[in-house]
Amino acid sequence: MHILRSPSYSAQYAVSAGPGVPISENRKNCQLTLSVHVPSGFTFAIIDVGYHGYYQLDTGVKGYHSAIYYFQGQLLKRI
């Protein structure tokens with residue numbers, strides 16, 4: 001069995017909300033694409049995904065994080 005060590009991606013995203021803030025500033029997206037060569041007869045899997053970061057929200061404000069994982073050509077996306 002071969003195990004690929006964790007690829008790491010780092011980005012800084014800042015979002016704002018409130019009257020007059022454009023929608024492009026109150027949500028951010030990131031897409032990470034990996035090219036994987038799998039020899040015939042072999043399979044691969046993603047075992048674990050982790051996130052870390054911080055936030056500062058005013059009282060009564062809620063934040064939301066979501067992730068979608070999929071393989072190219074796959075019709076259904078897994079959340």
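Can you pull out every residue in segment 19-71 that is assigned to a helix (DSSP H, G or I) and either closer than 20 Å to residue 7 by Cα or open to solvent by less than 100 Å² (accessible area, probe 1.4 Å) (or both)?
If the condition is that a residue be assigned to a helix (DSSP H, G or I) and either closer than 20 Å to residue 7 by Cα or open to solvent by less than 100 Å² (accessible area, probe 1.4 Å) (or both), then 24, 25 are the ones that fit.
Just to be sure, is residue 21 modelled with pLDDT of 80 or more and under 26 Å from residue 72 (Cα atoms)?
Spelling it out, it is not the case that residue 21 is modelled with pLDDT of 80 or more and under 26 Å from residue 72 (Cα atoms).
Return the pairs, sorted by first residue and then second, in which the second residue is of a type in the set (Gly, Ala, Ser), the first residue lies in segment 30-54 and is within 22 Å of residue 14 (Cα to Cα), the beta carbons are less than 9 Å apart, and the residues are 6+ apart or on different chains.
30/11; 49/67; 50/6; 51/67
The values are calculated or read from the model by the stated rules, or taken from the named source; none is laboratory data. Computed from a predicted model, the values in this text were never measured in an experiment. For neighbour counting, all protein chains shown are included, and Cβ atoms are generated from backbone atoms with ideal geometry for every residue, glycine included. To get the accessible areas, we keep the full protein, side chains included, count just its heavy atoms, and leave off ligands, DNA and RNA. Shrake-Rupley method; radii C 1.70, N 1.55, O 1.52, S 1.80 Å.
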